[in-house]
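Report on the structure given below.
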Amino acid sequence: MFYTYIINMTKIKDLTNYIQQVAPLTYQESYDNSGLQTGDPEAVITGVLLTLDCTLAVVEEAISQNCNLIITHHPVIFKPLKKLTGSNEVEQVIIKAIRHQIAIYACHTNLDNVLPGVNAKIAEKIGLVNTSILAPKKGDLLKLITFVPLENTDAVLQALYAAGAGQIGNYKNCSFQSGGTGTFTPNSKAKPFLGKINQAEEVNENRLEVIFPEHLKTAVVEALINTHPYEEVAYDLYRTENQNQEVGAGMVGELPEILSATNFITELKEKMELTAIRHTQLLNKPIRKVAVCGGAGSFLINSALNQQADVFITADLKYHDFFAAENRIILVDIGHYESEVFTKDLFYDIIINNFTNFAVLKSKVNTNPVRYT
Ligand SMILES: [Zn+2]
């Protein structure tokens, strides 16, 4: 008789690698510091605690709940540290986490910038439909061009597709092929797939073109090299200026039903569980198109105006930012914490749908440093 023991051996790196498939680190902004901040990626996960901010209270909660991995939206180490003496809360958090062998993993602007990310969560809470990225990222898409003998074309293409190349919006397996003649002369050290040493060769080849996002570069090039029959594979990689419609800041969508500005604000407060918000003058025109950006989103006011959104919901707007509305749009500041607190639910769904052999808890600590009276 055989007994099967299911032992949890999921390592921290197994989970963080998976999260990085959803929100690749290459999508984080240049000022950001997402990724593993403390801890051993080889350690086996005992439990995971999800939070918006990693405060001392959150580390204490992780200790008491036997969680050795904290996943936080905001990185605890944001600016470079020159010392670690416990003189402020950031240093105390890191010292305590290391002492208790707790890993801290931050998933910040890379999660803001992906389609199933922070802004999609806000759009879902508000009930927006027909959503798209408000400011798609440029320069993320690479083009691969390679030259393949006719009979090997399909195998190479299928390998490139399997590695994630050839995806454009709602279309997969996108490529372009054109025929031509490849020429080469193998030298005495070569072991050619076709042709003979020191003899000029001409082969009917297909020129293949596919695009893919930068974070798949290693996988796509490996797939090419592994499937292409030639000893030396000729290929070109270019960075394109195209926008990647699936990556970028903010989100814009439509309400399923048109609302008056007053009713929209009332519903917004209910759906996002808000007590107080700041906004520009409510305009006497119906609300249909809504732009959102969790956290500090003033940099997207012009994008929201260009998309002719009726409302832009974000946080951290300064006094002078509000002047940009000019009766063309309603700018709404719902608070940084309030706009992003549901990121804990987002983390939870990403993890729980793929890992079932360790506990995943949402932190009960309210880390919002702002109080309303
Ligand atoms: Zn934030």
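The values are calculated or read from the model by the stated rules, or taken from the named source; none is laboratory data. Please read these numbers as outputs of a predicted model, since none were measured by experiment. Counting neighbours? That spans all protein chains shown, and the Cβs are built from the backbone with ideal geometry, glycine included. Please note that ligands, DNA and RNA were not included when accessible areas were found on the heavy atoms of the full protein model with its side chains. Shrake-Rupley method; radii C 1.70, N 1.55, O 1.52, S 1.80 Å.
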Per-region count, the stretch 169-180, residues touching a strand residue (DSSP E or B) at 6+ places or on another chain (Cβ under 8 Å) and open to solvent by less than 90 Å² (accessible area, probe 1.4 Å): 7
Whichever residue in the stretch 288-307 is part of a helix (DSSP H, G or I) and within 16 Å of the ligand (Cβ to nearest atom) and, among such residues, is surrounded by the most Cβ atoms within 10 Å (Cβ to Cβ): Leu300
Flag if Lys121 is within 16 Å of the ligand (Cβ to nearest atom) and more than 14 Å from the chain's Cα centre (by Cα): no
Qualifying residue in the stretch 235-256 (condition: closer than 30 Å to Ile330 by Cβ, touching a residue at least 24 places away in the same chain (Cβ under 8 Å) and more than 29 Å from the chain's Cα centre (by Cα)): no
Flag for Thr109 being within 17 Å of Asp349 (Cα to Cα), open to solvent by less than 10 Å² (accessible area, probe 1.4 Å) and at pLDDT 95 or above: no
Qualifying residue in the stretch 91-103 (condition: within 16 Å of the ligand (Cβ to nearest atom), at pLDDT 95 or above and either in contact with a Ser or Thr (Cβ under 8 Å, 6 or more places away or on another chain) or not charged (D, E, K, R) (or both)): no
Matching option when the condition is open to solvent by less than 10 Å² (accessible area, probe 1.4 Å), over 24 Å from Asp349 (Cβ atoms), touching a residue at least 24 places away in the same chain (Cβ under 8 Å) and under 28 Å from the mean Cα position of the chain (by Cα), among Ile98, Ile94: Ile94
Test: Cys67 is within 16 Å of the ligand (Cβ to nearest atom) and of a type in the set (A, V, I, L, M, F, W, C): no
Enumeration of residues in the stretch 337-373 that are open to solvent by 30 Å² or more (accessible area, probe 1.4 Å), of a type in the set (S, T, N, Q) and under 17 Å from Ala62 (Cβ atoms): Asn366
Filtered residue count, the stretch 241-272, keeping only those that are part of a loop (DSSP other than H, G, I, E, B) and under 19 Å from Glu29 (Cα atoms): 2
Matching option when the condition is of a type in the set (Val, Ile, Thr) and within 21 Å of His108 (Cβ to Cβ), among Val311, Val292, Val332: Val292
Enumeration of residues in the stretch 133-163 that are crowded, with 17+ Cβ neighbours inside 10 Å and under 21 Å from Gln243 (Cβ atoms): Ile133, Leu134, Ala135, Pro136, Lys137, Asp140, Leu141, Leu142, Leu144
Scope the stretch 71-87; condition surrounded by 14 or more Cβ atoms within 10 Å (Cβ to Cβ) and away from the ligand (no atom under 16 Å from the Cβ); matching residues: none
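Matching residues to (1) more than 16 Å from the ligand (Cβ to nearest atom); (2) among the small types (Gly, Ala, Ser); (3) in a strand (DSSP E or B); (4) farther than 18 Å from Ile265 by Cα:
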{"position": "Asn284", "(1), (2), (3), (4)": "yes, no, no, no"}
{"position": "Ala309", "(1), (2), (3), (4)": "yes, yes, no, no"}
{"position": "Thr314", "(1), (2), (3), (4)": "no, no, yes, no"}
{"position": "Arg328", "(1), (2), (3), (4)": "yes, no, no, no"}
{"position": "Glu338", "(1), (2), (3), (4)": "no, no, no, no"}
{"position": "Asp349", "(1), (2), (3), (4)": "yes, no, no, yes"}
{"position": "Asn354", "(1), (2), (3), (4)": "yes, no, no, yes"}
{"position": "Lys364", "(1), (2), (3), (4)": "yes, no, no, yes"}
Residue within the stretch 315-333 that is under 27 Å from the mean Cα position of the chain (by Cα), buried (at least 21 other Cβ atoms within 10 Å of the Cβ) and either within 30 Å of Leu69 (Cβ to Cβ) or without any contact (Cβ under 8 Å) to a residue 12 or more places away in the chain (or both) present: yes
Residue match in the stretch 113-129 (condition: in contact (Cβ under 8 Å) with a residue 60 or more places away in the chain, of a type in the set (A, V, I, L, M) and closer than 30 Å to Glu205 by Cβ): no
Residues satisfying the stated conditions in the stretch 192-240, i.e. of a type in the set (Val, Ile, Thr), over 21 Å from Leu25 (Cα atoms), out of contact with any helix residue (DSSP H, G or I) (no Cβ under 6 Å at 6 or more places or on another chain) and part of a loop (DSSP other than H, G, I, E, B): Ile197
Hits in the stretch 189-236 (condition: in contact with a Lys or Arg (Cβ under 9 Å, 6 or more places away or on another chain), surrounded by fewer than 15 Cβ atoms within 10 Å (Cβ to Cβ) and closer than 22 Å to Ser178 by Cβ): Asp236
Single unsatisfied condition, Leu25 versus (1) open to solvent by less than 10 Å² (accessible area, probe 1.4 Å); (2) closer than 19 Å to Phe347 by Cβ; (3) of a type in the set (A, V, I, L, M, F, W, C): (1)
